[in-house]
1. What number, rounded to the nearest 500 deg cm²/dmol, is the helix-based mean residue ellipticity at 222 nm of the chain, given -39500 (n - 2.57) per DSSP H run of at least four residues and division by all its residues?
2. Round to the nearest 0.05 the FRET efficiency obtained for Gln81 and Thr107 when R0 = 22 Å and r is the Cβ-Cβ distance.
3. In what sequence do His79, His35 fall when counting other Cβ within 10 Å, fewest first?
4. I need to check one value: relative contact order of the chain, counting alpha carbon pairs closer than 8 Å and at least 6 residues apart, in percent.
5. Quick one: putting +1 on the C-beta of Lys and Arg, -1 on the C-beta of Asp and Glu, what dipole do you get for segment 5-115 around its Cα centre, in Debye to the nearest 20?
6. Could you tell me the calculated FRET efficiency between Thr6 and Ile61, based on Cβ-Cβ distance and R0 = 41 angstrom, to the nearest 0.05?
7. Residue farthest toward the positive end of the dipole of the chain, with Cβ of Lys/Arg at +1 and Asp/Glu at -1: which of Gln78, Thr18, Thr6?
Amino acid sequence: MATDPTRRIENWDTKFDTDRVKAILDAKRPKMLEHVSSVVPALASMEGQVKQVLDGEGVSIILYPFYLAFGREMWRLQHNQEMSGESYAVEAQTLIQKWVARGLSQTVLEKMRSDVFSVPAPTP
């Protein structure tokens, strides 16, 4: 049975009470800041390494955001999902195929995979 629209609106209004939301965020902020402070330096370092590869390969600067997106996806696999070994190599190859289908250079993506993330090609 469908929920009464009036009740749904009341529930939404209660849930998104700005004083309540502020109190929740104020309580979470120290841990959130700690997490961001620990992650951002590694992420920025990875992005710097990606840019070095792109510079070395002569990639047009207009394409940097797309290669950086690939780099962030690789980084996320390594850090958030804690992938390594052959599983990581297979997932990296899947990402490479995805970004090649979107128009990026397979050679550059493979160089990023090996030089920045130290991931070999998956075994056939």
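1. -26000 deg cm²/dmol
2. Between Gln81 and Thr107 the formula returns 0.25.
3. His35, His79
4. Reported relative contact order: 24 percent.
5. In total the dipole reaches around 400 debye.
6. 0.15
7. Highest projection toward the positive end goes to Thr6.
All of the numbers you see were taken from the coordinates with simple rules; none came from a lab. Remember, it's a predicted structure, so these values are computed and weren't measured experimentally. All Cβ positions, even for glycine, are placed from backbone atoms using ideal geometry, and neighbour counts span all protein chains on display.
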